[in-house]
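I have placed the structure first, in the form of structure tokens, so that the comments after it can refer back to it.
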Amino acid sequence: MSTALFGSTATAEAFYDFKVKDADGKTVDLSKYKGKVVLIVNVASQCGFTPQYKELAALYDKYSSQGFVILGFPCNQFGGQEPGSDAQVKKFAQDRGAKFPIMSKVDVNGSGADPLFGFLKAKQGGLLTQDIKWNFTKFLVDRQGNVIKRYGSSTTPLSIEEDIKSLL
């Protein structure tokens, strides 16, 4: 299930070239985030890391006025831990304090992976393979659209606050 509007990662050369769908089904051109620091997270509502929503919400509340945005991309590829509809996922996130944008559900690995995630993984590979290992993997993008760092699921949002602040 891919929501990106580009057919492959070869179509887009920069972060800002991608278009995705939000949880309401509207097209979001990532160029609207030019000049902002962006944290992209593949989220899930029934995961052991789901409590990270609280820290994500706190970071967003603290730094959004300084040009920081979080984009949550629900993914059901890991243990079926995001089974709900886009509307259900958005409500779940908002009920946990998330005021940041929630996108439409995507695949992050495999042949059906959203091209944005193919791009992110190509820029910041993982251990052994580029594949995302689990929910709540995070990618930090600077104000120029460079993918600066990748963080695994167990890296808590508050533990990367200094990295975010250094880019703001």
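The values are calculated or read from the model by the stated rules, or taken from the named source; none is laboratory data. This one's a predicted model, so the numbers in the text were calculated from it and none came from an experiment. A quick note on method: Cβ atoms are made from the backbone with ideal geometry, for glycine too, and the neighbour counts reach across all protein chains shown.
Tabulated values for the structure
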| quantity | calculated |
| --- | --- |
| Per-region count, segment 104-130, residues among the basic types (K, R) and assigned to a helix (DSSP H, G or I) | 2 |
| Output for segment 32-44, where each listed residue is in a loop (DSSP other than H, G, I, E, B) and either among the basic types (K, R) or within 14 Å of the chain's Cα centre (by Cα) (or both) | K34, K36, A44 |
| Count - residues of segment 108-129 that are surrounded by 19 or more Cβ atoms within 10 Å (Cβ to Cβ) and charged (D, E, K, R) | 2 |
| Residue tally, condition part of a loop (DSSP other than H, G, I, E, B), at pLDDT 95 or above and of a type outside the set (A, V, I, L, M, F, W, C), over segment 88-103 | 2 |
| Total residues in segment 51-87, condition part of a helix (DSSP H, G or I), closer than 23 Å to A113 by Cα and without any contact (Cβ under 8 Å) to a residue 24 or more places away in the chain | 0 |
| Test result for D86, more than 23 Å from K21 (Cβ to Cβ), in contact with a strand residue (DSSP E or B) (Cβ under 8 Å, 6 or more places away or on another chain) and surrounded by fewer than 21 Cβ atoms within 10 Å (Cβ to Cβ) | no |
| Some residue of segment 143-164 being loosely packed, with under 15 Cβ neighbours inside 10 Å, hydrophobic (A, V, I, L, M, F, W, C), free of Cβ contacts under 8 Å to residues at least 60 places away in the same chain and over 18 Å from V20 (Cα atoms) | no |
| Verdict on K138 being within 24 Å of Q66 (Cα to Cα), at pLDDT 95 or above and under 12 Å from the mean Cα position of the chain (by Cα) | yes |
